[in-house]
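Enquirer: Below is one structure. I have some questions about it.
The values are calculated or read from the model by the stated rules, or taken from the named source; none is laboratory data. Just so it is clear, the model here is predicted, and its values are computed rather than measured. Don't worry about glycine lacking a Cβ; one is built from the backbone with ideal geometry, like all the others, and counts go over all protein chains shown.
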Amino acid sequence: MKAEQKILADASNLIDAAAEHFVSVARASIAKRGVFFVALAGGSTPKGLYQKLAMSPFVEQVDWSRVHLFFGDERCVAPTHDDSNFKMARLAMIDHIPVPAENVHRVPTEFGDAAVVAGHYAETIKQIMKEQPFDLVLLGLGPDGHIASLFPETPALEVTDHLVTSLFVEKFQSWRVTLTYPVINAARQVIVFIAGEAKAEIVRDITTEAVTGLPVQRLAPQGDYFWFMDKAAAGQ
Ligand code: 6PG
């Protein structure tokens, strides 16, 4: 499915534009439904965005007491581990915004077995969101076209009867937990956030359809769908 592309001059402009967009989506969700359910992306790209959201003028524009923070995926490591997406988001943003602790829903990796962790996380999503979809799912893009932890040629891509699934990622020799396509596609809005020259090749291969069938290409968001990227990632 084709996304609306927003291409910004450089990483700094990209972060500012994405922060403004995040705030506007959050404010609209809260105004309309009294709550903002968002699934955060992991990896390194969104760190700058999270830091920006925790700073003026953005931080004061969101009623964080109405925000519930979830994670699109997580590495099966302790929340204190340097590989933890939760730790990255906590240091970059969560520790610096007035979001109630009970509104921060990290993936409970302490349950050990990845499948058990995935089951618990799915229950948390159902318990907190009831039948509501995510208002926003933020995703990064891997150089192999993965999003969240939906990696190419893995069984996770075929899971349609669960909100969350687990998988062993051979190339990283690590277990992951990830939202599945149905829950991502059901979101009111999906943003893929891409920055840097290192992503130019995969972005070009996808936009020219030189490559097909990649996990990001199998996304079919029912709501608004954007790619936010800088010119370096867009190959400009
Ligand atoms: C993760 C992320 C993953 C990430 C992409 C891009 O757990 O690693 O969820 O999907 O978004 O791999 O990562 P970078 O932003 O580090 O390039």
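Enquirer: Among the aliphatic types (A, V, I, L, M) and either crowded, with 18+ Cβ neighbours inside 10 Å or at pLDDT below 95 (or both): which single residue out of Val99, Val116 fits that description?
Expert: Criteria check complete, one pass: Val99.
Enquirer: Something else now. Does Val203 satisfy the condition of being more than 14 Å from the ligand (Cβ to nearest atom), over 17 Å from the mean Cα position of the chain (by Cα) and of a type in the set (A, V, I, L, M)?
Expert: no
Quick grid of which residues meet (1) over 17 Å from Gly140 (Cβ atoms); (2) buried (at least 16 other Cβ atoms within 10 Å of the Cβ); (3) among the acidic types (Asp, Glu):
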| position | (1), (2), (3) |
| --- | --- |
| Lys2 | yes, no, no |
| Ala18 | no, yes, no |
| Val23 | yes, yes, no |
| Phe37 | yes, yes, no |
| Lys47 | no, yes, no |
| Ser56 | yes, no, no |
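Enquirer: Out of all the residues in the range 124-162, which are within 16 Å of the ligand (Cβ to nearest atom) and closer than 19 Å to Arg188 by Cα?
Expert: Within the range 124-162, Phe134, Leu136, Val137, Leu138, Leu139, Gly140, Ile147, Ala148 meet the criteria.
Enquirer: Sticking with this one: For Lys52, all conditions in the list (1) in contact (Cβ under 8 Å) with a residue 60 or more places away in the chain; (2) within 16 Å of the ligand (Cβ to nearest atom); (3) charged (D, E, K, R) hold save one; what is the number of the exception?
Expert: Here Lys52 clears every test but (1).
Enquirer: Report the residue count in the range 2-17 for those that are among the aliphatic types (A, V, I, L, M) and over 9 Å from Phe228 (Cβ atoms).
Expert: Summing the residues that are among the aliphatic types (A, V, I, L, M) and over 9 Å from Phe228 (Cβ atoms) in the range 2-17 gives 4.
Enquirer: Which of (1) within 16 Å of the ligand (Cβ to nearest atom); (2) of a type in the set (Gly, Ala, Ser); (3) surrounded by fewer than 23 Cβ atoms within 10 Å (Cβ to Cβ); (4) closer than 23 Å to Lys126 by Cα does Ala220 not meet, given it meets every other one?
Expert: Ala220 satisfies all of (1) within 16 Å of the ligand (Cβ to nearest atom); (2) of a type in the set (Gly, Ala, Ser); (3) surrounded by fewer than 23 Cβ atoms within 10 Å (Cβ to Cβ); (4) closer than 23 Å to Lys126 by Cα except (1).
Enquirer: Same structure, new question: Which count do you get for residues in the range 163-175 that are out of contact with any Leu (no Cβ under 8 Å at 6 or more places or on another chain) and either within 10 Å of the ligand (Cβ to nearest atom) or outside any loop (DSSP other than H, G, I, E, B) (or both)?
Expert: Adding up the residues that qualify gives 9.
Enquirer: Consider the range 176-198. How many of its residues are within 14 Å of the ligand (Cβ to nearest atom) and closer than 27 Å to Ala232 by Cα?
Expert: 10
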